[in-house]
1. Is it the case that some residue within region 53-71 is in contact with a helix residue (DSSP H, G or I) (Cβ under 6 Å, 6 or more places away or on another chain), in a strand (DSSP E or B) and modelled with pLDDT of 95 or more?
2. Against the definition (in contact with a helix residue (DSSP H, G or I) (Cβ under 8 Å, 6 or more places away or on another chain) and modelled with pLDDT of 95 or more), how does residue 108 come out, yes or no?
3. Please return the ranges of helices (runs of 4 or more DSSP H) entirely within region 116-221 where 1 or more residues are closer than 18 Å to residue 274 by Cβ.
4. Which of the residues spanning region 166-186 are within 21 Å of the chain's Cα centre (by Cα) and touching a residue at least 60 places away in the same chain (Cβ under 8 Å)?
5. Among 288, 351, 341, 322, which is closer than 30 Å to residue 61 by Cα and either surrounded by fewer than 15 Cβ atoms within 10 Å (Cβ to Cβ) or at pLDDT 95 or above (or both)?
6. What pairs come up if the first residue lies in region 351-377 and is free of Cβ contacts under 8 Å to residues at least 12 places away in the same chain, the second is not in a loop (DSSP other than H, G, I, E, B), and their beta carbons are under 9 Å apart, counting only those six or more places apart or on different chains?
7. With the condition kept exactly as written, say whether any residue in region 263-274 is in contact with a helix residue (DSSP H, G or I) (Cβ under 6 Å, 6 or more places away or on another chain) and more than 21 Å from residue 33 (Cα to Cα).
C-alpha cells in the first residue's frame, strides 16, 4: 500500500486551523495582531542549506546594527557525505583563502566552533531553529537525538523547525515523515516537541502569480498552514512569504522593494521571509553584506515594524486569536479567552475614538492604534468610548 493511502487511513481527522480575521479598515474596532502600535511585522526565516558561520557572521552584524532579529535554522548533525566531520580535512587542504572561506557547507551544531556561533546569536536575541537533524535523511531516532542535543545546547527545544529538501529527504512529511509504518515517521514527534513547523511542500510559500506574495497575511489570511494539519496531522505549521526558487539575496531585493515594504506597512502586513543567507547575500569580494541589500534593510528598519523572530510572531498571533471584542456606542469590552497573557495589546479605532478606564484616557495614534498594555489569561477589560 502506498504511503499516501495508508496516511489517509491511519491519521485521525484534524480540526481546521482557524484563519485570523483580515484587517478591515471599515471595522470600527479591531484587535491589532502586533504589539505596542506596530503596524506590520517582518522577519527572515533562514534555511541552513549550505550554511557556515564565517559567511553568516557579517550578515548578522548588519541585522544587529539595524535592530532586526531573525530566525536562523541550523542542522544538528553532519550529513552522511561529511564523514562525521572528517570533511574538514578536505576543506582545509587548500592554499586558497577563498576556498577556505567558501568551501565549508552544512556545518552543524555538533561542530564546536559552529555551536558557539549559534549560541552567541541566541544571546544577541536571534532565534535558532532546527533545519531537520541533518542534510541527509533522518530516522525517528535521529529526530529524538537532535531535539535532545538541541536542548542541551540552548536549554530548550527549538521553537521553529524547517524541513529541508523534501524531494531528497525521506523524513519530510510529504515523503515518509508522515507514514506511521516507516522508520522515518516523525509527525507524532514534531507534535510532541511542539515547534512551529514549516513544510517543504506545495503550500510552503505563496503561488508565484499572487500579486502580494511578499505579505503572507494577504495571501492566506494568516501564516498558519491548515493544509499541513489536514494532510499530515501537523498541529503547528506555518507558511512563509516569497517565491519558490528565488530564496536568495537577489530574490530578497526583488520581493522587498521599497514599494512592497510600504505596502506591508499600509496594509498591516506580515512577512516571514523565505531565504537562504548563504546565497547571494554576501559580496564575494568584500565578504560583507551586499550594499544594495544593506540599504534596503535600512529602509525597512526606518519603519515602525515589529522586527522579531518568527516563533515570537507566531506565538503572539495564536494568542491574539483568543481575544474577542464586544462593544456598542458607549462601551467596549475585551475578553481574553486564552490561557496566555498578551503583552502590548493594541486596538485599532477606524474612527479615531478614544477609550477611558479608571480615569485614564487612551487615545489613538496617527493610524488609529491604541496601546492598552497587558491583558492577562482569562481577563476581561472594560472601557468607556469617548
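1. The answer is yes, given that some residue of region 53-71 is in contact with a helix residue (DSSP H, G or I) (Cβ under 6 Å, 6 or more places away or on another chain), in a strand (DSSP E or B) and modelled with pLDDT of 95 or more.
2. Criteria met by residue 108.
3. Those helices (runs of 4 or more DSSP H) span 216-220.
4. Residue satisfying the conditions is 173 alone.
5. After applying the criteria, what remains is 288.
6. 363/355; 363/370
7. no
Conditions (1) outside the structural domain of residue 159 (by TED's automatic domain parsing); (2) touching a helix residue (DSSP H, G or I) at 6+ places or on another chain (Cβ under 7 Å), marked per residue:
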{"position": "289", "(1), (2)": "no, yes"}
{"position": "313", "(1), (2)": "no, no"}
{"position": "352", "(1), (2)": "yes, no"}
{"position": "358", "(1), (2)": "yes, no"}
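The values are calculated or read from the model by the stated rules, or taken from the named source; none is laboratory data. Here the structure is a predicted model, which is why all the values come from computation and not from measurement. For neighbour counting, all protein chains shown are included, and Cβ atoms are generated from backbone atoms with ideal geometry for every residue, glycine included.
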